[in-house]
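First the structure, in the form of structure tokens, and then the observations on it.
The values are calculated or read from the model by the stated rules, or taken from the named source; none is laboratory data. All of these numbers come straight from a predicted model, not from anything done at the bench. Backbone-built Cβ (ideal geometry, glycine too); neighbour counts: all protein chains shown. Surface accessibility is based on the protein's heavy atoms, side chains included, excluding ligands, DNA and RNA. Shrake-Rupley method; radii C 1.70, N 1.55, O 1.52, S 1.80 Å.
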Amino acid sequence: MNSLRRELIGDSAPADLPGFTMMLPSGWTAHDTSEKTQRSLLALARQRTMAAHRPDLQGMLEATTTAAMNAARERGALLMVMPGPETEGVLFAPASMLVRIREAIPEHSLDDLVVDVLQNRGGVPLDANKRFVRWVEQREVPLGGETVGAYTVVYLTPIPGTERRKALQLVLTIAHPDDIDTSSDELLAGWVALVDAHVATFRWTA
């Protein structure tokens, strides 16, 4: 398994962001959100579909990659983490996870957000340690001229030393056909369980 560390963020890491580590699922890799990285990922998507003899999926993967990178930049993401070409099943469940800093606004603290998530959005602690609160959002999005589902899992944990004014937010998004039942689809559930297990390995190191 790979380890996600602050060093991957480099000079773009905020000064008040402590070091951290988190194990990544086998084959997953972290990328910055530059346009250069986007071009590399698009080339990789083309190679992936050709190697799998699935040119019909090329447009979907390219559209997914472009949308994910655009969203990452718009949201100020520090990193985008995604399955690499050797990851089993990646062709059939395009997934990515954004890593960003979430700041409280003057009118509402992060504690207010957490209370709202727990009371109104189906939020739950990720595990018994209750370091992360976790909730699910679902929507439909245009992709490659079609409409697909976007199953999103948000993980939020406060950043030490910021008096709970800042939090690290991980946002997992899995694109899926809009006609599947997300409450019972085994492939989708397997991907979510995999990422849940690895987010649970997150530790602050400084």
Candidates Leu156, Leu187, Leu126; GNM for the chain (alpha-carbon contacts under 10 Å) flags as most fluctuating Leu187
Just going by the charge dipole of the chain, with Lys and Arg at +1 and Asp and Glu at -1 on Cβ, which of Gln58, Trp191, His31 is farthest out on the positive end?
His31
Just in region 147-206: which chymotrypsin sites (Phe, Trp or Tyr not before Pro) are loop by DSSP and have at most 14 other Cβ atoms within 10 Å?
none
Quick check for you: with a 1.4 Å probe and neighbouring chains kept, what is the accessible area per residue of region 87-206, in Å²?
52
Mean residue ellipticity at 222 nm from the helices of the chain, using -39,500 (n - 2.57) per DSSP H segment of n ≥ 4 over the full residue count, to the nearest 500 deg cm²/dmol?
-9500 deg cm²/dmol
Rounded to the nearest 10 degrees, the helix 35-51 long axis (Cα) sits at an angle to the longest Cα principal axis of the chain of 40
Heavy atoms only, probe 1.4 Å: what % of the accessible area of the chain goes to carbon and sulfur, would you let me know?
52
Based on the alpha-carbon gyration tensor of region 94-166, what equivalent-ellipsoid semi-axes (square roots of 5 times the eigenvalues) come out, in whole Å, largest first?
26, 14, 13
Please report the antiparallel percentage of DSSP beta bridges with both residues in region 80-206, rounded to the nearest 5.
100
Assign unit charges at the C-beta atoms only (+1 for Lys and Arg, -1 for Asp and Glu), then state the dipole size of the chain relative to its Cα centre in Debye, rounded to the nearest 20.
680
C-alpha long axis of helix 110-120 to longest principal axis of the chain, angle in °
60
For His108, what accessible area in Å² do you get when you roll a 1.4 Å probe over the heavy atoms of the protein chains, rounding to the nearest 10?
100
What full-extension length gain, to one decimal in nm, is calculated for Ser184 and Asn129 as 0.36 nm per residue of separation minus the Cα-Cα distance?
17.1 nm
Taking the alpha carbon gyration tensor of region 82-206, what are the square roots of 5 times its eigenvalues, largest first, to the nearest whole Å?
27, 17, 14
Residues whose modelled amide H sits under 5 Å from the amide H of Val148, counting only those 5 or more places away in sequence or on another chain, are Val141, Leu143
